[in-house]
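Every read-out reported here was derived from the displayed coordinates using simple, explicitly stated rules and does not represent laboratory data. Computed from a predicted model, the values in this text were never measured in an experiment. All Cβ positions, glycine included, derive from the backbone under ideal geometry; neighbour counts span all protein chains shown.
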Amino acid sequence: MENRIKMIREALQLSQREFGERLGVSRDVISNMEYGRVQPKPLLLKHLCDLYGVDPQWLDTGAGPMFIGSSKRSKKADEAMAIFQSLRPEFQDYALEQIRRLAKLQDR
């Protein structure tokens, strides 16, 4: 499973720190899970699947797709990308800055 956790993080292009912060754990916890030194608790695995849209069966066994393609989260992301891509470049810059600010607010 540790390889699959690392594969998720790398697919999302997140550092161990970023991945851990969003899950509510430290970089060290992520590192220890990825190297197989610590077995993640079921609650953390559920949170990981819910947060990142990961298929629980794939996480457990490696069978099937890594991400759940038809989740509500995916539809929202697709909608947001379509809107973003339709904006003029100067509005894209503004929208991206606002999203960054929202993400910082969320982390507080």
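If only residues of the range 74-93 that are surrounded by 12 or more Cβ atoms within 10 Å (Cβ to Cβ) and out of contact with any helix residue (DSSP H, G or I) (no Cβ under 7 Å at 6 or more places or on another chain) are counted, the one that is farthest from V54 (Cα to Cα) is A80. Where helices (runs of 4 or more DSSP H) fall wholly inside the chain, the ranges with 1 or more residues that are in contact with a strand residue (DSSP E or B) (Cβ under 8 Å, 6 or more places away or on another chain) and free of Cβ contacts under 8 Å to residues at least 40 places away in the same chain are 72-86.
Of everything in the range 13-30 that is crowded, with 16+ Cβ neighbours inside 10 Å and not charged (D, E, K, R), the residue that is nearest to H47 (Cα to Cα) is L23.
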